[in-house]
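The values are calculated or read from the model by the stated rules, or taken from the named source; none is laboratory data. Since the structure is predicted, the reported quantities are computational estimates derived from the model, not experimental observations. Cβ placement follows ideal geometry from the backbone for every residue including glycine, while neighbour counts extend to all protein chains displayed.
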Amino acid sequence: MSTRPFPIHLHPVQTRGNSQAQTPILEASALEPGADLKVIRRNGEVTPFDPHKISLAMTKAFLAVEGETAADSKRIHERVAELTAQVVAALTRRLPAGGSVHIEDIQDQVELALMRAGEHQIARRYVLYREERARARAAAQAAAGTLKPSAAPQIQVSRADGSTQPLDVAQLKRLLAEGCRDLHDVDPESIFKETLRNLFDGIPESELRQSLVLAARSLIEREPNYSYVSARLLLDILRREALGLLGLATGIETQADCAEIYPEYFIAYIKKAVELGQLDPRLAHYDLGRLGQALKPGRDFQFTYLGLQTLYDRYFIHTPEGTRLELPQAFFMRVAMGLALNEIEREERAIEFYDLLSSFAFMCSTPTLFNSGTPRPQLSSCFLTTVPDDLDGIYSAIKDNALLSKFAGGLGNDWTRVRGMGAHIKGTNGKSQGVVPFLKVANDTAIAVNQGGKRKGAVCAYLETWHIDIEEFLELRKNTGDDRRRTHDMNTANWVPDLFMKRVIEGGDWTLFSPDETPDLHELYGQDFERAYLVYEERARRGELRLFKRIKAVDLWRKMLSMLYETGHPWITFKDPCNLRYTNQHAGVVHSSNLCTEITLHTGDREIAVCNLGSVNFAAHVDEQGLDTERLRRTVRTAMRILDNAIDCNFYTVPKARLSNLRHRPVGLGIMGFQEALYKLRIPYASEQAVEFADRSMEHLSYYAIEASVDLAAERGRYPSFEGSLWSQGILPIDSIRLLEEERGGHLEMDRTTTLEWGSLRERVKTIGMRNSNCLAIAPTATISNIVGVGQSIEPTYQNLFVKSNLSGEFTVVNPYLVTDLKMRGLWDAVMINDLKYYDGSLQPIERIPEDLKQLYATAFEIEPHWLVEAASRRQKWIDQAQSLNLYMSEPSGKKLDRLYQLAWIRGLKTTYYLRTLAATHVERSTIPEAERANRLNAVPVQSMGHQTSASCSVLEPECEACQ
C-alpha cells in the first residue's frame, strides 16, 4: 500500500536511565492532507492532532522490548518513522478534508500498523500498555466518583451560519432507524453509541453527520449489512447538499420525505446544471415532468457504502465550488438522457435506459458515466493507435494521446514501426536511439494529462517480439538502471506472434530485426508472417541486413516471464489469434490491444480504433435455478442499443477516432459479478462446473449480443465496412476458431461445443448484416463493479475480508455470501471475524470451517491458475474481441510460469493481463477487542508465502479505471 513520503527530523528524547535515543519527529508539513485533523480526548476535550505523540508512544514500546543499544536505536528510529507515516496516512485518507478522530481510533491504527509490519512483540507490548492505562483510568474515576452516566452528553452543534443548537438526539435516532430499516442483524443503538464517542461540544453540523457514517462504517466487518446503513447515512449528507443548493431542503429530514419531492428536485436540478454549463442544454428540452415521475427513489437504498461513496466523490455533477447537484436516481437519468438524445422517442428510450442502469443489471463504463449528457460527452473507454516511424508522426501520436486522455480515455499504442537503437537515419546520416526515449516522453505525457483531474492518465505501449529493442523494452518498469530509459508509470505489453511460441516449444533460435529494414512484418500474421520472417532470417545470414540479433527463443521467453514476475510488465498478448479471428480483418491489421488487453481492433495511419464499453451484472441474472436467460436477453438488447447510441452521441477529440468509430461501430459488452453468480449456484471457482458455466453463460451472452446487433442493423442499417468482413461470410466468432487452427498448424486445443441453435442466426447475420463490427469484450470493471456492489469482471474473490483502497479512500469489504452461510451454520461470531482478519480473509487455516465452504469460498491465490485459463478459453470461443484476464499465483516459479503462459496460448487466448503474485498483506484488525488482541498476539503468525507483489495495478488499490 503506497503512502505519501513524510519528511523526518530526529531530535533527542529523554528515556529511562537518562540515556538518549533518537526518535523520529514528523514535520508539520507532513500533515498537509489532514492539517485540520482534531483529536477527541477521553474527557471530551478536542485538541489538535500531533503525530509526534504517535512516534513517542511507539518508540517507548520498541525500547521496552528491544533495549537501548546504538544498533537498536538506529533500527528503532527508522522503523518508527516508517510506521508513524503509515498511521498518519491512514488517518488522513479517512478524513482527507480534516475532521475529528477519537484517541482510541488513533491507537487502533497504531496497533494495525505494528501488526501489518510483523512487529508482533511490540504490538503486544502496546496492547498491554493500553489495557493497563484503561484499568488505571477506570480505577481513578471510580475512586473520585466521576464515572460518566451512559446518557447522551449535552452537546452544542455549530451550524453553517455560525449559530449553535443543542444536539437533536431524536432526529439522529430517526435517521438511524430509517438507515437500518428492513436490514437484518443491524442495530441503530450500536451506531448511536459509537457516534456519541466521536462527538464534542461545538462540533460542526457537517461533521456530526459524517460521524454517523463513520460509526456505521466501523461495524461493517461485524455485519455486511452495515455497508448499506453507511450508504444510507451518506445519502442523508448528499441529500442535504443537493437539495440545499436548489432551495428544496426545508422540511426534508428522511429519504421518505425526499421521495415525495424527487420529481420536483429533478426538474430543478436539470435546469440548474444547464444554467451552470455542466449539462448539455438539449437535456432541458426533454419532458422533464415525465422523466421525473419515472424515477424510482427506493433504488437509492440498494447501494453499498463503497458504491455510493465512489459516486459521491467522483461521478456526481457538482458546482465549481464542489457542491454536489446530483442525487443517485438523477445521475442515472442524466446518463440515460445523454444516451437517448438521437432517439425518435427520446423520453421512452431514456426511461428504458434509466431502468436498466438504476436496477444494476447493466452498467456503462466510467467515461460514459462521467460525461453522458454533458457539453463534452466523451463516452468512449478505449483508444488504440499505431505510431509511425518519423519524428512528426511520433509527436503527433503523443499529442493524440494527450487529447484522448484529457476526456477520460485509456490508450493502447503500437510502437513496433519505430526503428530500433542503432538503425540508420537517412536524413542525418546518424544512428537512432531506438524506441525507448520516445516511450519515456509518452510516459510523462500520461502523467501530465490527468483526465480532467478526475483520475490519472493511462497508456499501454505494445511492441512485437521480433523488434530489435525488445530486450530493453522488457526492462522499462525496472527500478534499477538508467532512469532516463525507464517508464515507471506506463504499462507495457508484448505483442507475440505464434512463430515465436513455436520456436520456444521447439527450442529454436529467434532473430530480432529493426522494422525500418523489415517493414512488412508489422502488417503480416499467420503463415504470411512466418514465410516473410524466414526470408528475413535468411537475408540476415547472408549479411544483407544492417541490424539484427540472433538469440535462443527460450532465453528471451524466460526473460519475458522473469520481468513479468519482477515488475508486473510487459503483459503477454498474442498477435495471431487477435488477427486470425478478427471479424473485420479485411479493413486492417490488429497491431495491439488496449490499456487493459480486452480490445482487439485494427489501427493504421488513418484510423484510431475506438471502443465503447459496458458490462452485464451476471449476479443479477442468476438464482438457485441457474441463468435467467430471458432476463439476460432483455438486458442485452437494451445494453447493445445504449452502446450503439454512444457512438453517435460521442464527442471525438481526434478526427481519426471519429472516422474509425463511425465506419466500423465496434462496441464491447462484457460481464461482472461472475464470482457472485457462482456463489448463488453453489459452484466453486476451481471446478469443471465453473468452467462449464463460463462456457454456457458466455454462449448465451454472445448469441443475444449478435442477435441484438442484427436487429439494430435491420432498424438503422449495417455498419459501413460490413461487406468483406467475416460476418458477411457467415463466419461467427465460434466459427473463426477453425481459421486459427488452420493457420497455426497445431498447438491449439479449444473446446467447440455449442448448445444454442446458431444456424438461423448465422443466416440472419449474412442477409441482414451487423450494426457493429464487434460486440463483446470483457473489461476489468474495477470501479463500476464497486458502484453496483459485485466482484469485478471475471475475477475470483481476492479475500473474504479485507480493506480496499482506491481514490475515494479505504473501505472494509466483507463477503456477504460467506457471512450468510456461516450464520446458517452457527459459525459467525467475534472469534470468526478475528480469525478471518488474522488469516487475511482466508478460510483454509480455520479448522472449524466445513470443507465445502472452504472450496466454495477459496480466494484468488488459493485457486490453481490453470482454472482461470480454462474458464477464459471457454469464454474466448464466443468473444469477438478479448478479455482482461488476471492470473494469480501464490508460489510462482519459472517452470510454473512457463507452463501457465504456454497453456494460455495453446487454449487459444488472445491476451492476458496482470500476473499477480502473493505478498505478505494483512487486513485491518482495528476492532478486535483488546483482551482478544493480547491472546491473538500469542498465536504463531501465519507464514508469508514469500513473494513481493509485482509492481502492478493492485486489486486493493486500483488506480487505472479507464476501461472500467
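Brief remarks follow.
- Residue tally, condition touching a helix residue (DSSP H, G or I) at 6+ places or on another chain (Cβ under 9 Å) and among the hydroxyl-bearing types (Ser, Thr, Tyr), over segment 154-201: 3
Here is a yes/no grid of residues against (1) in a helix (DSSP H, G or I); (2) in contact (Cβ under 8 Å) with a residue 40 or more places away in the chain:
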site: 495; (1), (2): no, yes
site: 501; (1), (2): yes, yes
site: 512; (1), (2): no, yes
site: 521; (1), (2): yes, yes
site: 528; (1), (2): yes, no
site: 543; (1), (2): no, no
site: 554; (1), (2): yes, yes
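- Every residue from segment 364-396 that is buried (at least 21 other Cβ atoms within 10 Å of the Cβ) and assigned to a helix (DSSP H, G or I): 366, 367, 368, 369, 370, 371
- Of the candidates 133, 174, 125, 137, the single residue that is at pLDDT below 80, surrounded by 14 or more Cβ atoms within 10 Å (Cβ to Cβ), part of a helix (DSSP H, G or I) and not small (Gly, Ala, Ser) is 125.
- Filter pass, residue 89 being at pLDDT below 80, assigned to a loop (DSSP other than H, G, I, E, B) and of a type outside the set (Asp, Glu): no
- Residues of segment 410-451 that are surrounded by fewer than 20 Cβ atoms within 10 Å (Cβ to Cβ), farther than 30 Å from residue 611 by Cβ and of a type in the set (A, V, I, L, M, F, W, C): 421, 425.
- Residue count for segment 556-587, restricted to those that are assigned to a strand (DSSP E or B) and among the polar types (S, T, N, Q): 1
- Hits in segment 155-175 (condition: free of Cβ contacts under 8 Å to residues at least 40 places away in the same chain and of a type outside the set (Val, Ile, Thr)): 161, 162, 163, 165, 166, 168, 170, 173
- Flag: residue 739 matches the condition of being over 28 Å from the mean Cα position of the chain (by Cα) and hydrophobic (A, V, I, L, M, F, W, C).
- Residue list for segment 331-353, filter: more than 22 Å from the chain's Cα centre (by Cα) and buried (at least 24 other Cβ atoms within 10 Å of the Cβ): 333, 334, 336, 337, 338, 339, 340, 350, 353
- Total residues in segment 376-429, condition without any contact (Cβ under 8 Å) to a residue 12 or more places away in the chain and within 26 Å of the chain's Cα centre (by Cα): 0
- Counted residues, segment 766-783 - those being among the β-branched types (Val, Ile, Thr), surrounded by 24 or more Cβ atoms within 10 Å (Cβ to Cβ) and more than 19 Å from residue 698 (Cβ to Cβ): 1
- Residue tally, condition farther than 19 Å from residue 362 by Cβ, in a strand (DSSP E or B) and hydrophobic (A, V, I, L, M, F, W, C), over segment 626-677: 0
- From 776, 801, residue being under 27 Å from the mean Cα position of the chain (by Cα) and at pLDDT 95 or above: 776
- All conditions but one from (1) in a loop (DSSP other than H, G, I, E, B); (2) surrounded by fewer than 23 Cβ atoms within 10 Å (Cβ to Cβ) apply to residue 221; the one that does not is (2).
- Among the candidates 617, 612, the residue that is modelled with pLDDT under 95 and in contact with a strand residue (DSSP E or B) (Cβ under 8 Å, 6 or more places away or on another chain) is uniquely 612.
- Qualifying residue in segment 296-303 (condition: buried (at least 24 other Cβ atoms within 10 Å of the Cβ) and within 24 Å of the chain's Cα centre (by Cα)): yes
For (1) surrounded by fewer than 23 Cβ atoms within 10 Å (Cβ to Cβ); (2) over 20 Å from the mean Cα position of the chain (by Cα); (3) modelled with pLDDT of 95 or more, each residue gets a yes or a no:
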residue: 855; (1), (2), (3): yes, yes, yes
residue: 858; (1), (2), (3): yes, yes, yes
residue: 872; (1), (2), (3): no, no, yes
residue: 883; (1), (2), (3): no, no, yes
residue: 887; (1), (2), (3): no, no, yes
residue: 894; (1), (2), (3): yes, yes, no
residue: 899; (1), (2), (3): yes, yes, yes
residue: 912; (1), (2), (3): no, no, yes
residue: 921; (1), (2), (3): yes, no, no
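- For segment 606-624, the count of residues that are within 13 Å of residue 384 (Cα to Cα), buried (at least 24 other Cβ atoms within 10 Å of the Cβ) and touching an Asp or Glu at 6+ places or on another chain (Cβ under 6 Å) is zero.
- Looking only at residues in segment 524-576 that are among the acidic types (Asp, Glu) and surrounded by 15 or more Cβ atoms within 10 Å (Cβ to Cβ), the one that is farthest from the chain's Cα centre (by Cα) is 537.
- Selection of segment 304-347 for residues being β-branched (Val, Ile, Thr), over 26 Å from residue 220 (Cα atoms) and in contact with a Ser or Thr (Cβ under 6 Å, 6 or more places away or on another chain) yields only 335.
- From 603, 629, residue being under 27 Å from the mean Cα position of the chain (by Cα) and polar (S, T, N, Q): 603
- Looking only at segment 855-897, and only at residues there that are touching a Lys or Arg at 6+ places or on another chain (Cβ under 8 Å) and of a type in the set (Ser, Thr, Tyr), the one that is farthest from residue 774 (Cα to Cα): 888
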